[in-house]
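Some notes on the structure that comes next.
The values are calculated or read from the model by the stated rules, or taken from the named source; none is laboratory data. Remember, it's a predicted structure, so these values are computed and weren't measured experimentally. Using ideal geometry, Cβ is built from the backbone for each residue, glycine included, and neighbour counts are taken over all protein chains shown.
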Amino acid sequence: MPVNLKGRNVLSLDGFSPDEIRLLLRLAAELKSAKLAGTERQRLLRRNIALIFEKDSTRTRTGFEVAAYDQGANVTYIGPTGSQIGHKESMKDTARVLGRLYDGIEYRGDKAEKAVELARHAGVPVYNGLTSEDHPTQILADFLTMREFTHLHLSDLAVTFMGDIRNNVARALALGAVKMGIDMRLCGPDALRPDTAFIAHLGEISCETGGRLTITADVSEGVRGSDFIYTDVWLSMGEPKALWKERIEELSPYRVTPQVMFESGKPHTKFMHCLPALHDTETAVGAEIASEFGIGEMEVSDAVFESKASIVFDQAENRMHTIKALLVATIDG
């Protein structure tokens, strides 16, 4: 049966079948090729998209804006203080207003329940641009990037996420990976394991798709044979700064270094990161941590981040191409 995603919400990849994810990746690749060739056809002319950002962003905001503009759509950016959401107006009422004005709504904030509430009442597609629990647009970009850097099918790949293996990116990556039949490894301390209900859910999906899931605290076991080694910042957006000391102690053994890359046993293993990354002291946060804790490199060493194995900026670009595929598929059909 042909896949049609018109009108669909994109709150999590949990609601998408492997075939639907493949469709989005094929469409993203086609749109990327058309943009590079100068042959892109605008399929969203005179459409309007609202971008709600309760948390700051670089890649998600620019990805949605450029994707929309390329396709002929207009966007309205609504920042943390740019609306009455949660102050004088509920998310339910906001959804019923915006749904009458816009053809799609992106939401980036804390709780997934807010995105769900938007989707329940807006009557137009709603896209999760990041919540504390999930980050589906990032994972679509990651899969497109993986396809570009290997001749293998996704189902033939081994992927390792190192660090805080219960954060939103780790959860979203693991969920998408087992759906696509990937050999997924979550490598981090036992204290930061995902909850048992989520692990059980991944196991159920794996039984249906042939995906594999390994959760380990052993770095050598986690990266052995891995095609892609992925990490993220050790303290997620919105978590208190007081946790830095604890996280540094817990996660320093899981820093991605040249030795970790070597331990994969594969000469072409690539490094991935959703960005921003604390790999040096050239940012205010990096300098502050170095001053307070005497550590100049956090989740990844600068040697790996700046190496030929690093494909982090390909991931960043692909955020736009996969977001464009989402907009086209769900609004134009």
**Request:** Could you tell me which of the residues LYS35, LYS92 is outside any loop (DSSP other than H, G, I, E, B) and touching a residue at least 60 places away in the same chain (Cβ under 8 Å)?
**Result:** LYS35
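Of all residues in the range 277-303, how many are in a loop (DSSP other than H, G, I, E, B) and either aliphatic (A, V, I, L, M) or surrounded by 15 or more Cβ atoms within 10 Å (Cβ to Cβ) (or both)?
Start the filter on the range 277-303 by keeping residues that are in a loop (DSSP other than H, G, I, E, B), which leaves 277-283, 294-299, 301.
Keeping just the survivors that are either aliphatic (A, V, I, L, M) or surrounded by 15 or more Cβ atoms within 10 Å (Cβ to Cβ) (or both) gives 277-281, 295-299, 301.
So the answer is 11.
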**Prompt:** In the range 37-78, what residues are in contact with a helix residue (DSSP H, G or I) (Cβ under 9 Å, 6 or more places away or on another chain), closer than 21 Å to GLY333 by Cβ and loosely packed, with under 14 Cβ neighbours inside 10 Å?
**Reply:** THR39, ARG41
**Filtered residue count, the range 304-316, keeping only those that are part of a helix (DSSP H, G or I) and within 20 Å of the chain's Cα centre (by Cα)** = 6
**Asked** Can you tell me which residue in the range 246-263 is surrounded by the most Cβ atoms within 10 Å (Cβ to Cβ), limited to those that are outside any helix (DSSP H, G or I) and under 23 Å from the mean Cα position of the chain (by Cα)?
**Response** VAL256
**Request:** Check the range 98-105 and report whether any residue there is touching a strand residue (DSSP E or B) at 6+ places or on another chain (Cβ under 7 Å), assigned to a loop (DSSP other than H, G, I, E, B) and surrounded by 15 or more Cβ atoms within 10 Å (Cβ to Cβ).
**Result:** yes
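Please find, among THR231, THR257, THR216, the residue that is under 13 Å from ASP164 (Cβ atoms), modelled with pLDDT of 95 or more and not aliphatic (A, V, I, L, M). Spell out how you get there, then give the answer.
Numbers: THR257 fails: under 13 Å from ASP164 (Cβ atoms); THR216 fails: under 13 Å from ASP164 (Cβ atoms).
Matching residue, one of THR231, THR257, THR216: THR231.
A quick yes/no check of all residues on (1) within 15 Å of GLN315 (Cα to Cα); (2) of a type in the set (Asp, Glu); (3) assigned by TED's automatic domain parsing to the domain that holds TYR254:
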position	(1), (2), (3)
VAL126	no, no, no
LEU144	yes, no, no
ASP156	no, yes, yes
ARG171	no, no, yes
**Residue, nearest to MET261 (Cα to Cα), within the range 210-223, restricted to residues that are surrounded by fewer than 17 Cβ atoms within 10 Å (Cβ to Cβ) and touching a residue at least 40 places away in the same chain (Cβ under 8 Å)** = SER220
